[in-house]
Amino acid sequence: MHKFGAPETVIRAYQYWSVLLRPAQVTLGALVLVAHEPAKAFSELSVASFTELHEITRHIELTLSRAFQYDRINYLMLMMVDPDVHFHVLPRYAHSKSFAGVEFVDAGWPAVPNLSQINKTDTNINQQIMKHLRTCWP
């Protein structure tokens with residue numbers, strides 16, 4: 001979780017998972033969903049973790065819809081650099097979005113996300129995104 005800026009970037013902590021703002025905003029509201037269990041494979045997670053995951057994905061989708069009205073959503077489980085179980089959650093947008101005076105572009109739309117194209121933000125903008133997401137959380 002520290003690789004993704006925790007604890008400063010934690011938006012919501014659950015018993016088995018934490019939702020963090022992805023510091024590199026590939027799309028507006030990009031998140032990281034990190035498992036707390038010390039698993040190196042998705043199948044190693046407990047049944048309780050999988051049960052909670054159902055509730056969290058509902059919360060994430062509801063929150064991102066309320067906050068930014070995304071068009072699609074992608075959950076990427078890459079685990080190449082960081083082998084701990086985590087997802088990159090990328091809301092996808094057919095058109096650019098503006099937030100806090102910044103124009104956010106989904107460079108990969110309508111294909112796979114383009115992880116090399118990052119929307120330029122700073123700590124202040126990321127804090128504003130996190131604050132907005134927290135106010136939209138169920």
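The values are calculated or read from the model by the stated rules, or taken from the named source; none is laboratory data. Every value quoted in this text rests on a predicted model; they were computed, and no experiment measured them. As a convention, Cβ positions derive from the backbone with ideal geometry for all residues, glycine included, and neighbour counts pool all protein chains shown. When the accessible area is computed, the model is the full protein with side chains, heavy atoms only, and any ligands, DNA or RNA have been set aside. Shrake-Rupley method; radii C 1.70, N 1.55, O 1.52, S 1.80 Å.
Side notes on the structure shown:
- In sequence order, calculated HN-Hα J values of the stretch 23-32 (Karplus, 6.51, -1.76, 1.60; Hz; x Gly/Pro): x, 8, 7, 4, 9, 4, x, 4, 10, 10
- Here the Karplus relation 6.51 cos²θ - 1.76 cosθ + 1.60, evaluated at θ = phi - 60°, turns the backbone of the stretch 52-68 into coupling constants of 5, 4, 4, 5, 5, 5, 5, 4, 4, 5, 5, 4, 5, 5, 4, 6, 9 Hz, with x for every Gly and Pro.
- Estimated FRET transfer efficiency (Q69, Q117; beta-carbon r; R0 25 Å; 0.05): 0.75
- Computed packing ranks the peptides 112-120, 20-28 as 20-28, 112-120, most packed first, by mean other Cβ atoms within 10 Å.
- Counting only Cβ charges, +1 for Lys and Arg and -1 for Asp and Glu, the dipole size of the chain around its Cα centre is about 320 debye.
- The chain: most fluctuating residue of A67, A30, A41 per GNM, C-alpha cutoff 10 Å: A41
- Lys/Arg +1, Asp/Glu -1 at C-beta; the chain dipole; positive extreme among I125, P138, Y16: I125
- Computed over the chain: relative contact order in percent, which uses C-alpha pairs under 8 Å that are six or more apart: 28
- Loop-located trypsin sites (Lys or Arg not before Pro) in the stretch 1-59 (DSSP state not H, G, I, E or B) with no more than 16 neighbouring Cβ atoms inside 10 Å: K40.
- 222 nm mean residue ellipticity, helices alone, for the chain (DSSP H n ≥ 4; -39,500 (n - 2.57); rounded to 500): -9000 deg cm²/dmol
- Unit charges at the beta carbon, dipole of the chain: most positive-side option, L31, N74, W109: W109
- Partners for K97 among lysines (Cα-Cα distance below 25 Å; same-chain residues under 8 apart left out): K120, K131
- Volume per residue of the C-alpha convex hull in the chain, rounded to whole Å³: 103
- Rounded if a/c under 1.5, otherwise prolate or oblate - the stretch 79-121, Cα gyration tensor axes: prolate
- Protein accessible area in the chain, 1.4 Å probe - carbon and sulfur %: 56
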